[in-house]
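Below: one structure, written as structure tokens.
The values are calculated or read from the model by the stated rules, or taken from the named source; none is laboratory data. A quick note: this is a predicted structure, and the numbers were derived from the prediction, not measured. Heads up, the Cβs are rebuilt from the backbone with ideal geometry, glycines too, and the neighbour counts pull from every protein chain shown.
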Amino acid sequence: MSTSPILSCIGAGRLGSTLCKLLAQHLSIGQVLNRSQASSDQAAEFIGAGTAINNSDQLQTADIWLLATPDDAIESNFKILQARSMLRSGDIVFHCSGALTAAILRQPSVLSASIHPMHSFADPQRSAKNFAGTPCAIEGHPSAVAKLVKLFNAIGARPFEISSTQKVLYHAAAVMSCNYLVTLLDTGENILRAAGIDSGGPADSPLRPLIEQTIQNYYSTSAKRALTGPITRGDHGTVVAHLSALEKSSTANPMWPDLYRSLGLASVLLARQLNPTGSAELDRIEKLLRADKDAQINP
Ligand SMILES: NC(=O)c1ccc[n+]([C@@H]2O[C@H](COP(=O)([O-])OP(=O)(O)OC[C@H]3O[C@@H](n4cnc5c(N)ncnc54)[C@H](OP(=O)(O)O)[C@@H]3O)[C@@H](O)[C@H]2O)c1
């Protein structure tokens with residue numbers, strides 16, 4: 001009779017406890033180690049399995065280790081596993097950081113990997129329910145990758161392999177399009193408020209239908225087709241007026257003109273894809289966006 005592999009987790013927070021709960025359907029959960037006993041107890045209760053501990057003295061061997069502490073504590077916890085001789089030949093050890101690779105978990109004969117779920121684990125209860133379909137970028141030792149791909153497929157993930165050398169760039173893409181999107185949406189709300197329109201929150205914002213329509217257009221057409229507005233139309237005068245208005249608000253919000261200029265220049269590049277032979281209007285707009293403050297306000 002074959003027994004299922006044992007997975008132990010160091011750092012069962014939002015991501016760790018969610019993954020353990022899902023993986024518990026396919027393997028045995030061994031130990032759950034957080035810094036405080038109360039936190040470990042809470043995680044084990046949520047997972048519905050595992051022995052809650054709060055001291056690495058109590059660690060026992062396991063077949064698979066998930067290190068799901070904050071990124072900065074992953075390597076030190078791996079070293080604790082090494083110092084306590086917890087890692088045996090053929091054991092799998094992995095973390096879920098988006099920016100770090102499996103290289104920080106190096107020990108001969110141990111199979112290390114990293115797997116980064118493209119999911120925002122804000123609430124473990126909700127994440128456990130809607131994790132299915134999550135793309136997960138995986139890299140590391142081929143045997144660890146093969147086993148983890150099987151496990152993550154079993155919990156409904158969509159694993160895809162990524163080159164270790166490109167992982168940081170991959171993560172920068174995720175941060176820009178996910179985290180910075182939130183910052184951009186919030187900036188739009190703040191500018192609207194400065195214009196005297198306060199909807200009380202994003203849910204009722206007059207920007208919301210426009211944003212939702214734009215995201216729909218982006219995914220159903222292409223970036224260049226979804227880009228509407230003054231830059232792609234070549235409306236130089238409108239861009240001049242925007243910059244002037246943002247500069248006037250810039251005492252309180254010094255980031256706005258810079259953000260507008262940087263994103264505007266990226267939008268010019270996109271707009272040029274529709275007009276690859278060149279456009280005098282886009283050239284003028286690009287010059288304006290690149291110009292220093294005085295030149296933009298009084299071109
Ligand atoms: N959250 C996400 O959306 C998300 C998405 C993709 C990837 N990730 C990755 O997942 C990992 C965990 O992130 P998270 O958001 O789940 O973190 P989190 O909710 O803050 O949980 C971290 C857990 O680690 C424990 N911990 C902290 N320092 C520790 C240490 N030195 N030794 C042992 N345990 C320690 C904490 O225990 P206490 O409760 O006792 O402090 C807590 O249970 C990170 O590598 C992150 O990059 C997260």
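Checking L100 against (1) without any contact (Cβ under 8 Å) to a residue 60 or more places away in the chain; (2) surrounded by fewer than 23 Cβ atoms within 10 Å (Cβ to Cβ); (3) more than 14 Å from I6 (Cβ to Cβ); (4) not small (G, A, S), only one condition comes out false. Which one? Checking L100 against (1) without any contact (Cβ under 8 Å) to a residue 60 or more places away in the chain; (2) surrounded by fewer than 23 Cβ atoms within 10 Å (Cβ to Cβ); (3) more than 14 Å from I6 (Cβ to Cβ); (4) not small (G, A, S), the one that fails is (1).
Can you spot a residue in the range 37-57 that is in contact with a Phe, Trp or Tyr (Cβ under 9 Å, 6 or more places away or on another chain), of a type outside the set (D, E, K, R) and either surrounded by 18 or more Cβ atoms within 10 Å (Cβ to Cβ) or not in a helix (DSSP H, G or I) (or both)? No, that holds for no residue. Scanning the range 128-148 for residues that are farther than 19 Å from V175 by Cβ and touching a residue at least 24 places away in the same chain (Cβ under 8 Å) gives A128, F131, A132, G133, G140, H141, S143, A144, V145, K147, L148. Counted as qualifying within the range 159-220 are the helices (runs of 4 or more DSSP H) with 2 or more residues that are over 30 Å from K147 (Cα atoms), namely 180-194, 207-220.
Against the definition (within 11 Å of the ligand (Cβ to nearest atom), among the aliphatic types (A, V, I, L, M) and part of a strand (DSSP E or B)), how does L15 come out, yes or no? Spell out how you get there, then give the answer.
On the way: within 11 Å of the ligand (Cβ to nearest atom): yes; among the aliphatic types (A, V, I, L, M): yes; part of a strand (DSSP E or B): no.
For L15, the condition - within 11 Å of the ligand (Cβ to nearest atom), among the aliphatic types (A, V, I, L, M) and part of a strand (DSSP E or B) - is not met.
Scanning the range 83-97 for residues that are of a type in the set (A, V, I, L, M) and surrounded by 21 or more Cβ atoms within 10 Å (Cβ to Cβ) yields a count of 3. For the range 113-133, indicate whether the set of residues that are under 17 Å from T165 (Cα atoms), in contact with a His (Cβ under 8 Å, 6 or more places away or on another chain), among the polar types (S, T, N, Q) and within 12 Å of the ligand (Cβ to nearest atom) is non-empty. Scanning the range 113-133 turns up at least one residue that is under 17 Å from T165 (Cα atoms), in contact with a His (Cβ under 8 Å, 6 or more places away or on another chain), among the polar types (S, T, N, Q) and within 12 Å of the ligand (Cβ to nearest atom).
May I ask you to verify whether S205 is among the polar types (S, T, N, Q) and under 26 Å from the mean Cα position of the chain (by Cα)?
Numbers: among the polar types (S, T, N, Q): yes; under 26 Å from the mean Cα position of the chain (by Cα): yes.
The answer is yes for S205.
Please work out if I80 is surrounded by 13 or more Cβ atoms within 10 Å (Cβ to Cβ), within 11 Å of the ligand (Cβ to nearest atom) and under 21 Å from T18 (Cα atoms). Answer is no for this residue. Evaluation of Q216 against the conditions (1) loosely packed, with under 12 Cβ neighbours inside 10 Å; (2) over 24 Å from A271 (Cβ atoms) shows that the sole unmet condition is (2).
Restricting attention to the range 65-75, the residues that are surrounded by 22 or more Cβ atoms within 10 Å (Cβ to Cβ) and either part of a strand (DSSP E or B) or charged (D, E, K, R) (or both) add up to 3.
Considering A102, A68, which residue is aliphatic (A, V, I, L, M), at pLDDT 95 or above, within 29 Å of S163 (Cα to Cα) and within 9 Å of the ligand (Cβ to nearest atom)?
On the way: A102 fails: within 9 Å of the ligand (Cβ to nearest atom).
Only one candidate qualifies: A68.
Tell me which residues, restricted to the range 149-187, are touching a residue at least 60 places away in the same chain (Cβ under 8 Å) and among the polar types (S, T, N, Q). Selection gives S164, T187.
Taking S127 as the residue in question, decide whether it is assigned by TED's automatic domain parsing to the domain that holds L33, outside any loop (DSSP other than H, G, I, E, B) and closer than 30 Å to N55 by Cα. Yes, satisfied. Against the conditions (1) near the ligand (Cβ under 9 Å from one of its atoms); (2) at positive phi, G156 satisfies every one except (1).
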